[in-house]
Amino acid sequence: MMGFHSNEYRDYVVIENMLSSVVGGSVVVQVFPEKYLEVGESKLLLGDMEDITAERRRFNPADHAVRHGVVRMCNYKKVLEYDGYSIQICVKPSDEVWFDYYSGMNAPLLKYRSGWYYIMRYSDLLVRKREGEVYPLNGYVLCDTIEEDIEIGNGITLVMNKPVLFNKAKLTHIGQLPYYDDDFEHIVPPIGAMIYTKKPIVMLEDNLHLFLDGKPHRVLKLDDIDAYEEEA
């Protein structure tokens, strides 16, 4: 059974029975859009929010789109091949996972009973959390941004209304690394290192929805790090 479709609303499929299995590198992630309806200790309601089928109609959908869920189905420990590198599926059912807003908004959407589910590729996942441990996936790392109290420009940009350096950050979490068919060697900075990059700032979550640990985190590919210096 199909849901409705328009340029502003999102297709979904209503299923009578939960899927039997997934193929290859697909994962089924249950998402909880109601968690994105309230913010802050006062549980302030965001007035522009509708249900998950209307994410594209929201004010700043990239900020308020669902980016977090719980794995319900996957091929645990299967090795996958992507564009010259291999990676092992390192999530299992009940793991919390995070992904970027674009992957979430464009994933096939299922409705089963009263719950919502995305079918995603494992390679779309950025971070998992299991028994309190935060573990980046697919060659991603997490960093703290570096604030600078100077004018915008000259390497400074605004993130969450704070002036931060876009080309410098502090490394906080390293996790799963892909492995390549050739003799490629990962140079892995230590936790706490100051890293340098040319990549734009991408945050794991919007400041209103910090479900990982209550703190903002910048997300980067390890391959996007150009150089680093160890903490003194």
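Bear in mind that the values in this text are calculations on the coordinates, not laboratory data. For clarity, every value in this text was computed on a predicted model and none was experimentally measured. Cβ: placed from backbone, ideal geometry, glycine included. Neighbour counts: every protein chain shown.
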Open item on the list: Quick check: residue separation of residue 94 and residue 188 times 0.36 nm, minus the Cα distance between them. What number comes out in nm?
Closed with: 30.9 nm
Task: Paramagnetic reach from residue 179 (point 7 Å along Cα→Cβ, amide N under 12 Å) across the range 59-102 - done: 79-80, 86-88
- [ ] Run down the lysines and flag those whose C-alpha is under 27 Å from the C-alpha of residue 92, throwing out any fewer than 8 positions away in its chain.
- [x] 35, 77, 78, 111, 129, 215, 221
TODO: Rounded to whole Å and sorted largest first, list the principal axis extents of the Cα atoms in the range 13-136.
DONE: 44, 34, 29
